[in-house]
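Asker: Take this structure first; my questions come after.
The values are calculated or read from the model by the stated rules, or taken from the named source; none is laboratory data. Quick caveat, the model's predicted, so the values are computed rather than measured. Glycine gets a Cβ as well: all are built from the backbone with ideal geometry, and neighbour counts include every protein chain shown. With ligands, DNA and RNA removed, areas are computed over all heavy atoms of the protein, side chains included. Shrake-Rupley method; radii C 1.70, N 1.55, O 1.52, S 1.80 Å.
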Amino acid sequence: MSSEQPSALLSAQRTDTATAVAQPNIALIKYWGKKDEHLFLPRTDSLSMTLDIFPTTTRVRLVPGAGQDTVVFNGEPATGEAERRITAFLRLVRERSGRTERAHVDTENTVPTKAGLASSASGFAALAVAAAAAYGLGLDARGLSRLARRGSGSASRSIFDGFAVWHAGHAGGTAEEADLSSYAEPVPAVDLEPALVVAVVSSAPKAVSSREAMRRTVDTSPLYEPWAVSSRADLADMRAALARGDLPAVGEIAERNALGMHATMLAARPAVRYLSPASLAVLDSVLQLRRDGVPAYATMDAGPNVKVLCPRSDAERVSAALRAAAPVEAVHIAGPGRGARLVAEECR
Ligand code: DP6
């Protein structure tokens, strides 16, 4: 049993144990490429919708006297890269807090990891909110967004409800100035009742991490710079479409931005290709839906899964069309969801 409180309120309290819930977000204008790998400063601004499905719940408990951090992920001790990223993040939180206690982290994730379903966004947003509260950082939402960014760039956007824009910031000046310049914030959207229909083509972990793939794309793809330039224009168009509540325009811009991002990867050396034949079959079915008069538009991330934006009233029809298009593992219908928040657990 749990009751929820605004994160800004609870993160100001020092509790030594804190639990947070966060959901993934899917970018409509993509983040693809960093200008500072250490600070997680992206090359371009991005814009996303936080979903109301696939929550991650993370509890951080300080353990005075412990020699190291311990991490449990879905009931099993975390190992390898996952453990390394989480303990590096905890070190950063300790540096900021001036406290030295190690922590025990217990995280439950309901989304398949490393499958291009934004598990690192919900994961690091929940960890940032819980760790900031446990170590008493007293951060507001913008501060939590900056902190979440240091775990995984896209996590900066899952701090917020619904639509959020993540500012790329600037790499000049001191590291602190650069860090302060890059954060997400909510974007106003009027009269939109969108659904994002998620076709899980494969939940298997991807062969190339998004981190490695974006690095390779920036370093070697002749299409990267042109995409980055067009993505800036896409963002301006997207903001205008959201402000006037024009869902077909939102979808059209999101689809061209995502296809452009995948084109940059295909042109990388060696190429990175996440889309599978089943992904392409789903994309074909989206085209057919449009020919049939349904305003459905696709976006894809670092994996073969396809997310289809459409009016909420068309979501069931879209879902049925995607299931019929290819042998998909599952189809989920998501709406705009809440940002990361602390939950006060009474009976854990
Ligand atoms: C394709 O946020 O997972 O989903 O910052 O290296 O952890 P790191 O990368 P990550 O990349 C997400 C890339 C994307 C597009 C997006 O979410 O904007």
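Asker: Which condition number does residue 165 fail, the rest of (1) hydrophobic (A, V, I, L, M, F, W, C); (2) at pLDDT 95 or above; (3) open to solvent by 20 Å² or more (accessible area, probe 1.4 Å) being met?
Answerer: Among (1) hydrophobic (A, V, I, L, M, F, W, C); (2) at pLDDT 95 or above; (3) open to solvent by 20 Å² or more (accessible area, probe 1.4 Å), the lone unmet condition for residue 165 is (3).
Asker: Still on this structure, I have one more. Given the options 112, 77, name the one that is touching a residue at least 12 places away in the same chain (Cβ under 8 Å) and out of contact with any Leu (no Cβ under 9 Å at 6 or more places or on another chain). Steps first, please.
Answerer: Values: 77 fails: touching a residue at least 12 places away in the same chain (Cβ under 8 Å).
112 is the lone residue from the list that is touching a residue at least 12 places away in the same chain (Cβ under 8 Å) and out of contact with any Leu (no Cβ under 9 Å at 6 or more places or on another chain).
Asker: Restricting attention to segment 310-348, report how many residues are open to solvent by less than 40 Å² (accessible area, probe 1.4 Å) and touching a Ser or Thr at 6+ places or on another chain (Cβ under 7 Å).
Answerer: Start the filter on segment 310-348 by keeping residues that are open to solvent by less than 40 Å² (accessible area, probe 1.4 Å), which leaves 310-311, 314-315, 318-319, 321-322, 325-326, 328, 330-331, 334-335, 337, 339-344.
Checking which are touching a Ser or Thr at 6+ places or on another chain (Cβ under 7 Å) leaves us with 321-322, 325, 331, 337, 339-344.
Looking only at that region, the number is 11.
Asker: Looking only at segment 277-299, decide whether some residue is open to solvent by less than 30 Å² (accessible area, probe 1.4 Å), under 19 Å from residue 217 (Cβ atoms) and within 12 Å of the ligand (Cβ to nearest atom).
Answerer: Yes.
Asker: Counting only residues that are away from the ligand (no atom under 14 Å from the Cβ), give me the helices (runs of 4 or more DSSP H) lying completely in segment 126-238 with at least 3 of them.
Answerer: Helices (runs of 4 or more DSSP H) meeting the threshold: 141-149, 175-181.
Asker: Six or more apart or on different chains, Cβ atoms under 8 Å: show the pairs whose first residue is in segment 24-52 and open to solvent by 10 Å² or more (accessible area, probe 1.4 Å) and whose second is at pLDDT below 95.
Answerer: Partner pairs satisfying both residue conditions: 35/171; 36/171; 39/171.
Asker: Quick one: count up the residues across segment 207-223 that are in contact with a Phe, Trp or Tyr (Cβ under 7 Å, 6 or more places away or on another chain) and either closer than 19 Å to residue 121 by Cα or among the aromatic types (Phe, Trp, Tyr) (or both). First the steps, then the outcome.
Answerer: Initial filter on segment 207-223 (in contact with a Phe, Trp or Tyr (Cβ under 7 Å, 6 or more places away or on another chain)): 214, 217-218.
Right, trim to either closer than 19 Å to residue 121 by Cα or among the aromatic types (Phe, Trp, Tyr) (or both) and you get 214.
So the count comes out to 1.
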